1. Along Cα→Cβ, 7 Å out, is where each label goes; now give me the distance between the ones at residue 38 and residue 54 in nm to one decimal.
2. Starting at the first residue of the range 21-28, write each ³J(HN,Hα) from the Karplus equation 6.51 cos²θ - 1.76 cosθ + 1.60 with θ = phi - 60°, in whole Hz, x for Gly and Pro.
3. Report the convex hull volume per residue for the chain, counting only C-alpha atoms, in Å³.
4. In whole Å, how far is the Cα centre of the range 2-32 from that of the range 37-51?
5. Using a 1.4 Å probe on the protein chains only, how many percent of the accessible area of the chain belongs to carbon and sulfur?
6. With runs of 4+ DSSP H residues as the only contributors, calculate the mean residue ellipticity of the chain at 222 nm using -39,500 (n - 2.57) per run, divided by the residue total and rounded to the nearest 500.
7. Output ³J(HN,Hα) for the range 34-39: one whole-Hz value per residue in order, computed from phi by the Karplus curve 6.51 cos²θ - 1.76 cosθ + 1.60 with θ = phi - 60°, and x for Gly and Pro.
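The values are calculated or read from the model by the stated rules, or taken from the named source; none is laboratory data. All figures in this text were calculated on a predicted structure; none of them were measured in a lab. Every residue, glycine as well, gets a Cβ built from its backbone with ideal geometry; the counts of neighbours run over all protein chains shown. Just the protein is used for accessible areas: all its heavy atoms, side chains included, with ligands, DNA and RNA removed. Shrake-Rupley method; radii C 1.70, N 1.55, O 1.52, S 1.80 Å.
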Amino acid sequence: MLIVLNLVIFMLFTQPANAILQPDDWETLRRQWKYSHAVNAAVALLAFGCTRLASLR
């Protein structure tokens, strides 16, 4: 489920920011891009931790 959330965040926030070549408001777009990557990293780490815990049981 967390990997699906990771993909949803990418498709809704990261990919649109990647697609714009010359934004008018680049600071807002950069902030969106930066935070979407940070949230995706946290979700991926959480997914890894859950997988690790499940493998120990």
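1. About 2.8 nm, to one decimal.
2. 3J(HN,Hα) across the range 21-28, in whole Hz: 8, 9, x, 6, 10, 5, 5, 5.
3. 53
4. Here the two parts' Cα centres lie 17 Å apart.
5. Reported share for carbon and sulfur atoms: 69 percent.
6. Helices in the chain give a 222 nm mean residue ellipticity of -25000 deg cm²/dmol.
7. Each residue of the range 34-39 in turn: 5, 5, 5, 5, 5, 5 Hz.
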